[in-house]
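Report on one structure; see the data block that follows.
Computed from the coordinates by the stated procedures, all read-outs in this text should not be read as laboratory data. Note that the coordinates shown come from a computational prediction; the quantities given were computed from them, not determined experimentally. Here the Cβ is made from the backbone with ideal geometry for all residues, glycine too, and neighbour counts use every protein chain on show.
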Amino acid sequence: MPYSDPEKKREYMKAYNPKYYDGNKKRVIPRNTKRKTDLRKEKKEYILDSVSHSCPHCFSNEPLIIRYARAGNLYDLSWKQLKLALANGLVEIHCETCHSKGKPADNH
């Protein structure tokens with residue numbers, strides 16, 4: 001088999017990839033952009049479903065604000081990392097009222 005050697009395959013792919021992507025930019029880039037946009041929407045919907053689309057603090061149905069405790073884009077995490085971030089409390093979800101005036105637990 002010609003590519004059983006990983007080093008030979010790497011050399012071949014290094015030469016092949018630029019030619020392929022230069023010739024197919026008009027087809028590949030829009031498709032990849034759409035896929036990434038759709039995946040980010042799916043992840044946002046997953047996060048909102050985790051709190052039933054309502055504020056976990058005051059249970060209102062106002063638009064929710066999602067904040068990630070780390071640097072970087074929350075929606076670019078892998079599914080496993082996203083689920084771990086939710087489970088470990090690194091994702092803060094609250095409505096606009098709780099964001100501006102504080103959570104009910106903080107005010108009582």
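Odds and ends about this structure:
- Options [x] -0.61, -0.67, -1.07, -1.24; [y] -0.57, -0.62, -1.05, -1.23; [z] -0.35, -0.42, -1.08, -1.42 - which one matches log10 I(q)/I(0) by the Debye sum over Cα atoms at q = 0.11, 0.12, 0.20, 0.24 Å⁻¹ as calculated here: [y]
- Measuring nothing but how far apart in sequence close Cα pairs (under 8 Å, 6+ apart) lie, relative to its length, the chain scores a relative contact order of 24 percent.
- Cβ-based charge dipole, the chain, positive-most Cα from G102, N88, S60: N88
- When peptides 60-66, 27-33 are ranked by their average number of other Cβ atoms within 10 Å per residue, the highest-first order is 60-66, 27-33.
- Choice from A69, A15, A85 showing the highest fluctuation, given a GNM over the chain with Cα pairs closer than 10 Å: A15
- Between L86 and T33, the contour length at 0.36 nm per residue exceeds the alpha carbon distance by 16.5 nm.
- Full extension of the chain segment joining M13 with D49 gains 8.9 nm, where the gain is 0.36 nm per residue of separation less the Cα-Cα distance.
- With 23 Å as the limit on Cα-Cα distance, the pairs of K36/K103; K14/K80; K36/K80; K41/K80; K41/K83 that go past it are K36/K103; K14/K80.
- For the chain, the longest principal axis of the Cα atoms and the long axis of helix 25-50 meet at an angle of about 30 degrees.
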